[in-house]
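The values are calculated or read from the model by the stated rules, or taken from the named source; none is laboratory data. Since this is a predicted model, take the numbers as computed values, not measurements. A quick note on method: Cβ atoms are made from the backbone with ideal geometry, for glycine too, and the neighbour counts reach across all protein chains shown. Each accessible area value is taken on the protein alone, full model and side chains, heavy atoms only, with ligands, DNA and RNA left out. Shrake-Rupley method; radii C 1.70, N 1.55, O 1.52, S 1.80 Å.
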Amino acid sequence: AAQVLGGRCQRRGPALALADSVARDPDLDTRGDALAALVECKAAGVGDLLAKVWDDRKLPVELRERAVDLVVVLGDQAVAARLVKKLDAWRGAALESEDALALAQNAAYAIGRLAPPGAADALLAALDDAAYPEIVAAAATGLGLMGPACPATARPRLRLLAHSDERQVQTAAARAAAVCGR
């Protein structure tokens, strides 16, 4: 039903039904599909809805992660710039929250793909999170996803991290160093 409504969500009725499903449906998959349908059709206000979902600590982390991932599908640089700011907040909260750790990783991938203003600086800062190899690996991957937009200053740091004791960091940093700035 979400997919069918998604094809018509430029109209008010289907868009409201999908938004209601995101807010109230008891089935997590249906909520996620409704959110994806709103993004696919670029419904009015969907960027704000994504931010509302990723910020709602009462929602299951899987839905919050999906909202972060859908920023890439939406392709809106303003929403991606909001996500850059959230990356720093989630990194800071990762000590007390596994949800924040997971969201920070997804945010790093998303902002790497979209490369909004401030993305490179945020990802470079995340490379310093030695206590969280998951975040470091995600930040390295995000820098690699930036491709030509990846700053040249990142390459030496990525090469250094390619020799990390953490396997996931090694792999992500080596791959990113190979494509950073190219």
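Please note which helices (runs of 4 or more DSSP H) are completely contained in the range 118-182 and include at least 1 residues that are touching a helix residue (DSSP H, G or I) at 6+ places or on another chain (Cβ under 6 Å) and charged (D, E, K, R).
133-145, 154-161, 167-179
Taking Tyr132, is it more than 14 Å from the chain's Cα centre (by Cα) and among the aromatic types (Phe, Trp, Tyr)?
The answer is yes for Tyr132.
Conditions: (1) of a type outside the set (Gly, Ala, Ser); (2) surrounded by 19 or more Cβ atoms within 10 Å (Cβ to Cβ); (3) not in a helix (DSSP H, G or I). Trp90 meets all but one. Number of the miss?
It fails just one condition, (3).
Being touching a residue at least 12 places away in the same chain (Cβ under 8 Å), under 12 Å from Ala110 (Cβ atoms) and open to solvent by 20 Å² or more (accessible area, probe 1.4 Å), is that true of even one residue in the range 47-62?
The answer is no; no qualifying residue exists.
I'd like the full set of residues that are open to solvent by less than 20 Å² (accessible area, probe 1.4 Å) and within 10 Å of Arg66 (Cβ to Cβ), limited to the range 17-38.
Listed by number, the residues that qualify are Gly32, Leu35, Ala36.
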